[in-house]
Amino acid sequence: MLERYGHGGDLRTAAESFGLGKEQFLDFSANMNPLGPPACVGDIVRDKWMDVIRYPDPVCRELVRTISQHYDIPEASILIGNGAAELIDLLVRVLKPNVIGIARPSFSEYEEAAEKAGSQIVDIPLRERDGFVLQQADVEAAIQQTDALFIAHPNNPTGRLVPSDVIDTITTACHPLILDEAFVDFLPNEKEISRIRQAAINRNVFVIRSMTKFYSIPGIRLGFLVAHPDHIHTIKQHKIPWSVNFLAQEIGTAVLQDTDFADRTHKWLQEERQWLTQSLTGLGLQVVPSDTNFILFAFKQSEEMNVKIAQNRLGQLGILVRDASLFSGLDNRYCRVAIRLREDNERLIAGLTQIMKEGHHS
Ligand SMILES: Cc1ncc(COP(=O)(O)O)c(C=O)c1O
């Protein structure tokens, strides 16, 4: 199983499983921007490596200022973290809700953080028959039963945004809401869709952002939390000092100013998402329409093909996909793939075509 250590993008496990070198794989199992990282990342690593002899700024002043200007939110409402993963853990640990509602299937770190904090979990189901879109009635029911809700916007692995009126229902009810917007920057109208401006002033809204996907820097680790300044002040006191390293701070500051990279990404994604969605549909797969840079699809129910067989056969061809049946709420028809550059996407489609034909004849 490729996800032995919990997530996609584990090339070391892939190399051990399929007997190929790490560099021989096309990785569709982690959702990174294939245009990245921006060139400034290489420049910073090359030019500033000697500065690692000093401790990083513990409060990331330069990066906080840049984020504040970029999104037009107060500096006091921002906390930088070692990836969104640190902030998910930290925030749940500090809020410590007795009962937390999680919209699932979703990223497994939410339930892990809740379990570590001793919170009881209430499921908010995202259903196949609703196209995995969060439903108003389910949210209303969850508000009655919980102290806080944890929802991804857009969600992983389904790729769907939360309808704006559903978010409004939660905020109008003054119910604490954590929104994970790790993939929202892939939307060209990010600034309208994101709730970070609301989070900066509303005591019940917390927004977690990742910078690792859009800028393809998961190995650097960088994310931020936006919340009311009083909350940020409290949460800061529970954070590990210097968790955000010097290079991450420099890189975060530089990439946010690279508007050309953002424009190219939005243009590539719009074209390529349409192409890959149509190509997967053309193979007879059931495709969930995506609002972001990865696609969830289902194989037809059959003896010959499911995601575990597909992951294994594609892996032998050097193509890695995510077994989405490991997300609670999905069965073994479900597979998730990142959207990559055309040539790579063509190899994915060719690989799927081949294994589905073989499946038919075996
Ligand atoms: C929905 C979601 N949130 C957060 C994260 C963690 O992001 P980071 O690399 O910033 O820790 C991931 C990583 O896959 C994710 O899918």
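General observations
- When region 86-138 is filtered for residues that are closer than 21 Å to E3 by Cβ, of a type in the set (A, V, I, L, M, F, W, C) and open to solvent by 40 Å² or more (accessible area, probe 1.4 Å), the ones remaining, listed by number, are F107, I121.
- When the criteria are applied in full, E303 fails the requirement of being surrounded by fewer than 21 Cβ atoms within 10 Å (Cβ to Cβ), assigned by TED's automatic domain parsing to the domain that holds L348 and within 26 Å of F25 (Cβ to Cβ).
- Qualifying residue in region 3-11 (condition: under 21 Å from I339 (Cβ atoms), charged (D, E, K, R) and modelled with pLDDT under 95): yes
- Single match in Q257, Q274, Q270, Q198 (criterion: open to solvent by 70 Å² or more (accessible area, probe 1.4 Å), without any contact (Cβ under 8 Å) to a residue 40 or more places away in the chain, more than 16 Å from the ligand (Cβ to nearest atom) and of a type outside the set (G, A, S)): Q274
- Annotation note: of V41, V52, the sole residue that is surrounded by fewer than 19 Cβ atoms within 10 Å (Cβ to Cβ) and either modelled with pLDDT of 85 or more or of a type in the set (A, V, I, L, M) (or both) is V52.
- Members of region 318-347 found to be in a helix (DSSP H, G or I) and either more than 24 Å from S106 (Cα to Cα) or touching a Leu at 6+ places or on another chain (Cβ under 6 Å) (or both), listed by number: A324, R342, E343, D344, N345, E346, R347
- Some residue of region 176-193 being more than 30 Å from F299 (Cβ to Cβ), among the hydrophobic types (A, V, I, L, M, F, W, C), outside the structural domain of F299 (by TED's automatic domain parsing) and away from the ligand (no atom under 16 Å from the Cβ): no
- So T265, is it hydroxyl-bearing (S, T, Y) and part of a helix (DSSP H, G or I): yes
- Matching residues in region 212-238 - criterion: being in a loop (DSSP other than H, G, I, E, B) and open to solvent by less than 50 Å² (accessible area, probe 1.4 Å): T212, K213, F214, Y215, S216, I217, I220, L222, A227, H228
- Filter result for G36 (touching a residue at least 12 places away in the same chain (Cβ under 8 Å), at positive phi and open to solvent by less than 50 Å² (accessible area, probe 1.4 Å)): no
Yes or no, residue by residue, for (1) of a type in the set (S, T, Y); (2) touching a residue at least 40 places away in the same chain (Cβ under 8 Å); (3) within 16 Å of the ligand (Cβ to nearest atom); (4) part of a loop (DSSP other than H, G, I, E, B):
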{"position": "S17", "(1), (2), (3), (4)": "yes, yes, no, no"}
{"position": "L20", "(1), (2), (3), (4)": "no, yes, no, yes"}
{"position": "E23", "(1), (2), (3), (4)": "no, no, no, no"}
{"position": "S29", "(1), (2), (3), (4)": "yes, yes, yes, yes"}
{"position": "R46", "(1), (2), (3), (4)": "no, no, no, no"}
{"position": "V52", "(1), (2), (3), (4)": "no, yes, no, no"}
{"position": "D57", "(1), (2), (3), (4)": "no, yes, no, yes"}
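- The set of residues in region 8-29 that are out of contact with any helix residue (DSSP H, G or I) (no Cβ under 9 Å at 6 or more places or on another chain) and not hydroxyl-bearing (S, T, Y) comprises G8, G9, D10, E16.
The rows are residues; the columns are (1) open to solvent by 30 Å² or more (accessible area, probe 1.4 Å); (2) among the small types (G, A, S).
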residue: F18; (1), (2): yes, no
residue: P56; (1), (2): no, no
residue: C60; (1), (2): no, no
residue: S68; (1), (2): no, yes
residue: E75; (1), (2): yes, no
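- Tally of residues being among the basic types (K, R) and farther than 24 Å from S17 by Cα across region 283-330: 1
- Screening S302 on (1) more than 23 Å from E109 (Cβ to Cβ); (2) at pLDDT 95 or above shows it passes everything except condition (2).
- Residue in region 67-75 that is within 20 Å of the chain's Cα centre (by Cα), within 15 Å of the ligand (Cβ to nearest atom), not assigned by TED's automatic domain parsing to the domain that holds T265 and not aliphatic (A, V, I, L, M) present: no
- Hey, R209 farther than 19 Å from D291 by Cβ and either in contact (Cβ under 8 Å) with a residue 40 or more places away in the chain or open to solvent by 10 Å² or more (accessible area, probe 1.4 Å) (or both) or not: no
- Selection from region 211-233 of residues that are within 9 Å of the ligand (Cβ to nearest atom) and over 13 Å from G36 (Cβ atoms): R221, G223
The values are calculated or read from the model by the stated rules, or taken from the named source; none is laboratory data. None of these values were measured; they are calculated from a predicted model. Neighbour counts run over all protein chains shown; Cβ positions are idealised from the backbone, glycine included. All accessible areas refer to the heavy atoms of the entire protein, side chains included, with ligands and DNA or RNA removed. Shrake-Rupley method; radii C 1.70, N 1.55, O 1.52, S 1.80 Å.
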